[in-house]
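Working notes, beginning with the structure itself.
The values are calculated or read from the model by the stated rules, or taken from the named source; none is laboratory data. It should be emphasised that the depicted structure is a prediction, and the values quoted were computed from it without experimental measurement. We place every Cβ from the backbone using ideal geometry, glycine too, and count neighbours over all the protein chains shown.
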Amino acid sequence: MNLPTLPDDPHSPLALDAGALAQALRRREWRCAEVTAAALARIAALDGELRAFCTLDADAALAQAEAIDARLDANQPVGPLAGVPVAVKDLICTRGLRTTFGSRLYADFVPDEDDVVVERLRAADAVMIGKTNTSEFGYGAVGHNPLFPTTRNPWNLELTPGGSSAGSAAAIAARLLPLALGSDGGGSVRIPASLSGVFGIKPSWGRVPVWPGCRDERFPGASGWESLEHIGPITRHAADAALMLSVLCGPTPRDRHSLPAESADWRVPPPETLRGRRIACTTDMGHAVVDPEVRTAVEGAARRLHAALGLDVVADHPAIGPTQTMFETLVALDTDRTGLAALAQRQGVELGGWLGHLVTRAWTADEFTWATMERKRIANTTWRFMARFDFLLTPTTAAPAFPVDLPGPARIDGQAVEPTAWIAFSALANLTGLPSASVPIGCTADGRPIGLQITGRHLDDRGVLALAAVVEALYPRVRWPGPAL
């Protein structure tokens, strides 16, 4: 089942990456209002099947684009993303625009303030198109929630695009627009980027500030994941993600974890900066069941990197073991279980799935203590391991995209697996705060994208971007899903 066909328009501005589009708009090759109208037209034509967006803000977007055009016409200063359309995940607050967190508990919620990242995108003159679909409060690695239709994968509408940043990844893969924001508490930027065949990066902990998001105690459910959550770009390429990071990064007193700005220049470093770096590569972290085509693709990427740059690639991994039970316990610890249960009771809403389990289960202090100590063990094991290596390469997901109505593949490589087994690789970077990205490295024989996960040393976001750009050069894209532009 594929996306509907559109008339081919080789001159569409949406064919350009974000950086090239921003430059073309400054040169007045297109007007911002024309680009916004093109994005809205493509969304109207395709999103009825795709369901990437849950809320559009078409009138406000066109008005914003026209205002930017007026400033450009008058030779007034504009921001670095002037006129470039952007989508925002529905877990991220947008002032005056409905933000539901994918939950019936907030079905009509309209925030009175922007998240810091939205505030910064507006200051950069990016045009806010609307909100993209997510699993409920981000508690899930696919695109299901009880409020909106399920988001589907542009490569095959019968498959999931992954999650929880499902809509953002699907929108980028279908080229509805060039930039989107996701959030990542255990892989929710990188997982859908991998399954949808696009680029996604979870920056270092604190690199991109978060507020109100998981830090505001007023919003049970939305206030979860506080020790794990990151916000990051989902784009077509590493260079566009770097462009977004140049706008998003930097401290704010609203996020006590936010890092000082190292530099405003987030251009991808050249490949020469990677000379002499050491890379560890594992396809299973010593315990994961992995699809054979995914395993072969990751091993091939490691060989190509060695051949292209002469980089030292060693088969190794940090000995951390499975993390799923510990991770779920930490998520429960981060969740306002009391406030969420009370809110659900007041509204007469029953919480289902993993979220309902976390809220209703009788957790003990000993379980929370164990998970906290286990996290410390994993963090210490990982920094000692990364003292020997600059990067760790793994699959982003253990399996490619699977049917849209499932929480995960029932079998991987012929073996029956737990529903969460396919996301065995992503949580490590959230537990440690390390920068981590997913880069497309081709597809399975039946056309499902495969992602390579690159995890870097503490605060080495630029190194991750540089290595990702090299991988992109080694795997030039031959096609996009859906109708041509």
- Message: Residues to consider are Cys54, Cys93; find the one that is in contact with a Leu (Cβ under 9 Å, 6 or more places away or on another chain) and modelled with pLDDT of 95 or more.
- Response: Cys54
- Query: Inside the range 271-382, counting only helices (runs of 4 or more DSSP H) that do not spill past its ends, which hold 2 or more residues that are closer than 23 Å to Ala421 by Cβ and modelled with pLDDT of 95 or more?
  - Reply: 292-309, 324-334
- Task: Answer yes if at least one residue in the range 157-171 is in contact (Cβ under 8 Å) with a residue 40 or more places away in the chain, part of a strand (DSSP E or B) and acidic (Asp, Glu), and no otherwise.
- Result: no
- Does any residue in the range 292-312 that is closer than 19 Å to Arg277 by Cβ come within less than 8 Å, Cβ to Cβ, of a residue that is among the hydrophobic types (A, V, I, L, M, F, W, C) and in a loop (DSSP other than H, G, I, E, B) six or more places away or on a different chain, and which pairs are these? Leu305/Leu311
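If we keep just the residues of the range 79-137 that are in a loop (DSSP other than H, G, I, E, B) and among the β-branched types (Val, Ile, Thr), which is nearest to Gly339 (Cα to Cα)? Please lay out each step first, then the result.
Taking the range 79-137 first, the residues in a loop (DSSP other than H, G, I, E, B) are 79-84, 90-93, 95-96, 98-103, 107-115, 124-126, 133-135.
Imposing the further condition that a residue be among the β-branched types (Val, Ile, Thr) reduces the set to 84, 92, 99-100, 110, 134.
Details: Val84: 39, Ile92: 20, Thr99: 19, Thr100: 17, Val110: 19, Thr134: 21 Å.
The extreme case among them is Thr100.
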- Search the range 10-29 for residues being surrounded by 14 or more Cβ atoms within 10 Å (Cβ to Cβ), over 24 Å from the mean Cα position of the chain (by Cα) and touching a residue at least 40 places away in the same chain (Cβ under 8 Å), and hand back the single one that is farthest from Leu243 (Cα to Cα). Ser12
- Note on the structure: Ser246: passes all of (1) at pLDDT 95 or above; (2) at positive phi but (2)
- Message: Name the residue that is nearest to Pro149 (Cα to Cα), counting only residues in the range 56-78 that are buried (at least 17 other Cβ atoms within 10 Å of the Cβ) and within 25 Å of the chain's Cα centre (by Cα).
- Response: Leu56
- Hey, Thr394 hits all of (1) modelled with pLDDT of 95 or more; (2) within 16 Å of Gly186 (Cα to Cα); (3) part of a helix (DSSP H, G or I) but one; which does it fall short on? (3)
- Counting just the residues of the range 360-376 that are free of Cβ contacts under 8 Å to residues at least 12 places away in the same chain and of a type outside the set (Ser, Thr, Tyr), which one comes out nearest to Leu428 (Cα to Cα)? Lys376
- Message: Condition first: assigned to a helix (DSSP H, G or I), within 22 Å of Pro111 (Cα to Cα) and in contact with a Gly (Cβ under 6 Å, 6 or more places away or on another chain). Can you find one or more residues in the range 228-241 that meet it?
- Response: no
- Message: Out of the residues in the range 423-481 meeting the condition of being of a type in the set (Val, Ile, Thr) and under 16 Å from the mean Cα position of the chain (by Cα), tell me which one is nearest to Arg384 (Cα to Cα).
- Response: Thr455
- Residue, nearest to Ser165 (Cα to Cα), within the range 30-55, restricted to residues that are buried (at least 21 other Cβ atoms within 10 Å of the Cβ) and small (Gly, Ala, Ser): Ala52
- Query: Which of the residues belonging to the range 128-137 are touching an Asp or Glu at 6+ places or on another chain (Cβ under 8 Å) and crowded, with 24+ Cβ neighbours inside 10 Å?
  - Reply: Ile129, Gly130, Lys131, Thr132, Asn133, Thr134
- Which residue, of Leu434, Leu459, is closer than 22 Å to Glu226 by Cα and either of a type in the set (Asp, Glu) or out of contact with any helix residue (DSSP H, G or I) (no Cβ under 9 Å at 6 or more places or on another chain) (or both)? Leu459
- Subset of the range 182-211 that is more than 18 Å from Asp240 (Cα to Cα) and either over 8 Å from the mean Cα position of the chain (by Cα) or aromatic (Phe, Trp, Tyr) (or both) - its residue that is surrounded by the most Cβ atoms within 10 Å (Cβ to Cβ): Leu195
- Which condition does Ser438 not pass, out of (1) part of a helix (DSSP H, G or I); (2) among the small types (Gly, Ala, Ser); (3) closer than 24 Å to Leu157 by Cα, if it passes all the others? (1)
